Amino acid sequence: MLHSGAPPRGALAGPRRVTATVPSAHPFSRALDRATGARPIPGNILRHIAISDHALDAMLEMIAGAQRTVHFENYIIHDDETGRRFASAWAERARAGVRVRILYDAFGCRSTSGRFWRELRSYGVDCRPFQPIWTSGPIKAFSRDHRKLLVVDGERAMTGGLCIGNEWAGDPRAGQPCWRDTMMVVCGPAVAALDAAFGRMWARAGRPLPDDETAPQPDECGPSAVRVVEGLPGQSRIYRAVQLLAAAVTERLWITDAYLVAPPPLYAAFVDAARSGVDVRLLLPGTSDIPIIRIFTRGGYRELLHAGARIFEYRGPMLHAKTLLADHEWARVGSSNLNVSSLLGNYELDLVAEHDGLTATLATQFLHDMAQSREIVLMARRRLPLPPKLVAAAAVNPSQAIVQVHAAVPQHKRSLRERQAIAVVALMQVAGGARRMVAGTAAAAFLVTGFMLVLFPIVTSTVLGVGALATSVWLAGIAFARRRRRRESDAH
């Protein structure tokens, strides 16, 4: 049977790439086919690279060996030492006559200078921004290209969670380790599906790829069957796949995620799996480049821990990998984080593989990372002991205690000091009500802000940062004006 991955839509399809797939025989596999919109592609070799600077070197080596085409897509390409290494590699291949096409997200690369892209274009590199913020409209501006993909000559590919910047390369001279991330090297027929996925995104950002840029499908070269899952805004393909895997596992569910703020139904799936006896483990960053996301992530710990799940926080550098292991057969690796922004709002790209050998390799990596992490456990709640007098009073019948208290307190007229104290208490009660109203308003504001951060973490963080900067400038202006007026009044 023939299947082309995600169905093309009109002009967005680009050159037609047909990839041979196999129909799923097992009922669960057929359900996963429907959930992901993709069927397994057999005959691939999948190799994971878990050290980010090694993955960067592998990508540069792959680019240097390109003879016909380089298709590169990423959310972040920084104009730093690492970004310039890639720019040099792209420019060198373009000068050699290779068709080099770079698709970058306009928001993710907002800090990259225009000069960086102009220089690449001057060397013949075709650079294309995806959905520029000011021209894409208010709705589309929130749907970003979060995918990370490299396809060379239509024969070899790499995909995963790694972006292009010094954070992923590290700096041994400064004692700065590279971020922990995962990339997959793909060889085999699945490369054709990945190249077709690039073509669809390229067409969404402008003119489609030319027909002569479609390479023949590579021959089968290995034992792994893999689905190429394209996450599209509003279609929740990866969301449904993760939920389905979490519901079907019987032995283990091991998850590595960088920004876990999962929708409630997904949390419920993890909780249900843990309660049913599945070995549920979550490996999460101990430190984050977006600290507020870490706060929201920790907000979901208690319910998971009560259900029997185990949570580990990585003690090394930033953990940016996105992987999932379901039992001993299924593995998911890609660009998708388990949060609303990735699962429902962004364009993402994941691999869902069926191969126990790959799953075993990823499990070994998970255990290695777990050994460098600290486990989060629930502490028993401590209660302070009551003073001896209160313990004795509590042993007395409550009605008798009330009678004894009333009998012990003589009736007398309230003094002026007592009346003042009562007035102060009443005033405090009124003030307390006002404080509760202010607290409620503040809680609502924080709730809305938190909701926006969960849905659109990068955009909202930028808006908050710009707002804070504008507020500080405004307050500084007020302070400066008051100081000037004070000096003028002193002069008179």
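Throughout, read-outs are computed from the coordinates displayed, never taken from laboratory work. The structure presented is a predicted model; accordingly, all values stated were derived computationally and were not measured. Neighbour counts are summed over all protein chains in view; Cβ atoms, including those assigned to glycine, are modelled from backbone coordinates with ideal geometry.
Cα centroids of segment 318-375 and segment 80-133: 29 Å apart. Coupling constants for segment 115-121 follow from the phi torsions by the Karplus curve (6.51 cos²θ - 1.76 cosθ + 1.60, θ = phi - 60°), and in residue order they are 4, 4, 6, 4, 5, 4, 5 Hz; glycine and proline get x.
How many percent of Cα pairs in segment 231-273 exceed 13 Å? The calculated P(r) of segment 231-273 puts 58 percent of pairs beyond 13 Å. Counting charges near G124 (Lys, Arg +1; Asp, Glu -1) among other residues having Cβ under 13 Å from its Cβ returns a value of +3. Placing unit charges on the Cβ atoms of the charged side chains and taking the dipole of segment 2-376 about its Cα centre, the candidate lying farthest along the positive direction among H54, G188, L349 is L349. Residue-wise HN-Hα couplings along segment 306-315, as the Karplus relation 6.51 cos²θ - 1.76 cosθ + 1.60 with θ = phi - 60° gives them from phi, are 4, 6, x, 6, 10, 10, 10, 10, 5, 9 Hz; Gly and Pro carry x.
Of all beta bridges that DSSP places with both ends in segment 2-376, some 65 percent have antiparallel geometry.
Each of R485 and A31 was given a label point 7 Å from its Cα along the Cα-to-Cβ line. The distance between the two points is 6.9 nm.
So how many Å³ per residue does the convex hull of the Cα atoms of segment 247-368 work out to?
Considering the Cα atoms of segment 247-368, their hull volume per residue is 100 Å³.
Summing +1 for each Lys or Arg and -1 for each Asp or Glu among the other residues whose beta-carbon sits under 14 angstrom from that of G477 gives +4.
Summing Lys and Arg as +1 and Asp and Glu as -1 over all other residues whose Cβ lies under 10 Å from the Cβ of L358 gives a net charge of -2.
Note on segment 206-311: Rg/Rh from Cα positions, Kirkwood definition for Rh, rounded to two decimals, is 1.11.
Amide H to amide H, with H built 1.01 Å from N, Y259 comes under 5 Å of L338, counting only residues 5 or more places away or on other chains.
Taking each residue as 0.36 nm, the span from R110 to V377 lengthens on full extension beyond its C-alpha to C-alpha distance by 92.2 nm.
Nearest 0.05, what FRET efficiency do T364 and A476 give at R0 = 56 Å with Cβ-Cβ as r? All intermediate terms of the calculation are to be shown ahead of the outcome.
On the way: r = 55 Å, r/R0 = 0.97.
The formula returns an efficiency of 0.55 here.
Listed values for segment 148-156 are Karplus-derived 3J(HN,Hα) couplings in whole Hz (6.51 cos²θ - 1.76 cosθ + 1.60, θ = phi - 60°), namely 10, 8, 9, 10, 10, 6, x, 10, 9, and x replaces Gly and Pro. Remark: C-alpha extents of segment 2-376 on the principal axes read 58, 51, 40 Å, sorted largest to smallest. Put simply, when 255-264, 101-110 are sorted by average Cβ atoms within 10 angstrom per residue, most first, you get 255-264, 101-110. Let's test the formula: R0 of 25 Å, r as the Cβ-Cβ distance of C221 and D57. What FRET efficiency results, to the nearest 0.05? Calculated value: 0.65.
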